[in-house]
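So the structure is just underneath, and the comments pick up after that.
What follows is calculated from the coordinates using simple rules that are stated; it is not laboratory data. Keep in mind that this is a model prediction, so the values were computed, not measured. Here the Cβ positions follow ideal geometry from the backbone for every residue, glycine too, while neighbour counts run over all protein chains shown.
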Amino acid sequence: MSKISIKDMNLWYGDFQALHGVSLEIPQNEITAFIGPSGCGKSTLIKSLNRMNDLVEGCRIEGDILLDGKDIYKSNTNVNTLRKDVGMVFQQPNPFPMSIYNNIAYGPRTHGVKDKKELDEIVEKSLRDAAIWDEVKDDLNKNALSISGGQQQRICIARALAVQPEVLLMDEPTSALDPISTAKIEELVTELKEKYTIVMVTHNMQQASRVSDHTAFFFNGYIIESGDTRKMFTNPKKKQTEDYISGRFG
Amino acid sequence: MEETQSKFTQKSQKRKFEQFGRTISFICIAFIVLVVLSILYFVISKGLSTFTTDGVSVIDFLFGNTWRPGEVGENGAPLVGALPMILGSFYVTLLSAVLATPFAIAAAIYMIEISPKNGKKILQPVIELLVGIPSVVYGFIGLTVIVPFIRNIFGGTGFGILSATMVLFVMILPTVTSMAVDALNAVPRHYREASLAMGGTRWQTIYKVVLRAATPGLLTAVVFGMARAFGEALAVQMVIGNAALVPTDLITPASTLTSILTMSMGNTVMGTLENNVLWSLATILLVMALFFNILTRWIGKKGAMKK
């Protein structure tokens, strides 16, 4: 079952067309990976899914993106609610310069949770879900910027989970991290798919093959091929896909 | 072998050149330090001679509320209480900073967060222009516009702390604003993105994330504005009325350290008590300037530690 359907979507930054006729189904409670060389449009597409592209000047979109069957680019869409439902984790760990607790509580507070007990519960649950509770439970008042990069990234995941999203977008979440932290995040992502639909941009093909259930291969703003990860990595249908995943370019 | 050895032991041309450059910059720095130290020495030694040569007690000077240099009180001690000016200086500084801060932060938010285009095109040049206007012009405008305005509303002469505050408010506003702009500009983009991506509105993002992250920078901006207000002489002197009385309200003539200094310095003879106490006032100004300087450094360090 599709959580998100992208139908014949074109996207321009000013005069430059970054996405050409992209169509893709993103299934619920599974991990979809976007792969492709730099500048191929994979980050552009993931940022369109929670309308973060709205912040880019001159960005124009045609076509439909449906979340649970509803067009998210309709004029009456509440962008803040959309972004609450479709959470995002960025490439660089970007916790706010405040305590770990306040980082996690930021989202719920923004959406109107005031009760201290309820916030405590949300913070603990989110940190547990992000598999970092045991490491930071005694340091909740510590500044989130004082912990390691890998921990910071899991704090950011916990922060995204705290507003109870349905979809989690991850834009190269491990590219700034060391191998051990990367392994932890990958493990975490596989656990998270039970509750969330996950879309992940990655530069790292091994990561895509290890973690994802579905893969879409992007090139020059087109989706060249998409489908079941195992099938695509063992038996790509297109020549370009094969060249890319076998490391001949990219 | 010998040749190589000498090549490595002898100073090369480049090394000599480098040393030359280093010497020149050292001389320049030493000169600047020397100038600053001699000014400090001169002002402070002159300022202290009020207490050493003329035997005025420090307490009487700092907390005495009668300023009539040249006259002696009932107990025979000279009447050189600087409290009226010290209070006057602090009042105008604090009031103008309190008044300017919200405007400056609001303007900075507009320029960085809300409309960077208009901000750069319209506000930026206006602010730069405001910085460049000489203080005598501000004072003149204050004298012809603000003083009569206050007189019409509150009665009295119109001179006083309120008028000085208004003039200083306009004078420090551009300084505080442009520093607040720098502070907001320095907030990394990804903080904003993280907040927006969680469904925070623009206002929530500005209020809870951007302003928070920029707090040390904003405080520094305010302190810089205060330093400027504290040290401003001419414009204040033109509108405050220059009555060396402990200020009881905002609309009667008062005075500041700087205004009394500029008023009196031409009318005293070097080496007399009347002259020395002016140097004592200057010493207070100097110490305060140092204090503001240390304060901004301290805020900067605190902010850096948090990040």
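Values computed for the structure shown
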| read-out | value |
| --- | --- |
| Karplus (6.51, -1.76, 1.60) ³J(HN,Hα), θ = phi - 60°, over region A:40-52, in Hz, Gly and Pro reported as x | 8, x, 5, 5, 4, 5, 5, 6, 6, 6, 10, 6, 6 |
| ³J(HN,Hα), Karplus 6.51/-1.76/1.60, whole Hz, each residue of region B:157-167, x for Gly, Pro | 8, x, 7, x, 5, 4, 4, 4, 4, 4, 5 |
| Highest-MSF residue in chain A out of A:93, A:179, A:236 [GNM, Cα springs under 10 Å] | A:179 |
| For chain B, built as a Gaussian network whose Cα springs stay under 10 Å, the top-fluctuating residue of B:27, B:294, B:150 | B:27 |
| Residues with amide H under 5 Å from that of residue B:243, placed H, sequence gap 5 or more | B:254, B:255 |
| Exercise: per-residue mean of other protein chain Cβ atoms within 10 Å, A:162-171 | 1 |
| Projected-area average for the protein assembly as shown over all orientations - Cα convex hull basis, square nanometres | 41.2 |
| Paired Rg and Dmax values of region B:1-88, which use every Cα atom, in angstrom | 27.8, 91 |
| For chain A: relative contact order, % (alpha-carbon pairs under 8 angstrom, 6 or more apart) | 28 |
| Shielding score for A:95-101, defined as the mean number of other chain Cβ atoms within 10 Å | 4 |
| Rel. contact order, % - alpha carbon contacts under 8 angstrom, at least six apart, chain B | 24 |
| For chain B, built as a Gaussian network whose Cα springs stay under 10 Å, the top-fluctuating residue of B:197, B:221, B:183 | B:197 |
| Region A:201-250: C-alpha pair distances exceeding 14 Å, % | 44 |
| For region A:223-229, 3J(HN,Hα) per residue [Karplus equation, 6.51 cos²θ - 1.76 cosθ + 1.60, θ = phi - 60°, Hz, x = Gly/Pro] | 8, 6, 7, 8, x, 4, 4 |
| Where only alpha carbons of chain A are counted, the Rg and the Dmax (Å) | 18.1, 57 |
| For residue A:19, residues with placed amide H under 5 Å, excluding near neighbours | A:11 |
| Percent of alpha-carbon pairs separated by more than 26 Å within region A:106-250 | 35 |
| DSSP bridge orientation in the protein assembly as shown - percent antiparallel, rounded to nearest 5 | 60 |
| Distance violations [Cα-Cα > 19 Å] among A:70/A:125; A:137/A:195; A:142/A:184; A:125/A:195; A:3/A:195 | A:70/A:125; A:137/A:195; A:142/A:184 |
| Residue mean of other protein chain beta carbons inside 10 Å, B:204-212 | 2 |
| Three-way shape label, region B:87-207, alpha-carbon gyration tensor, a/c 1.5 | prolate |
| Rg/Rh ratio calculated on Cα atoms of chain B (Kirkwood radius) | 1.12 |
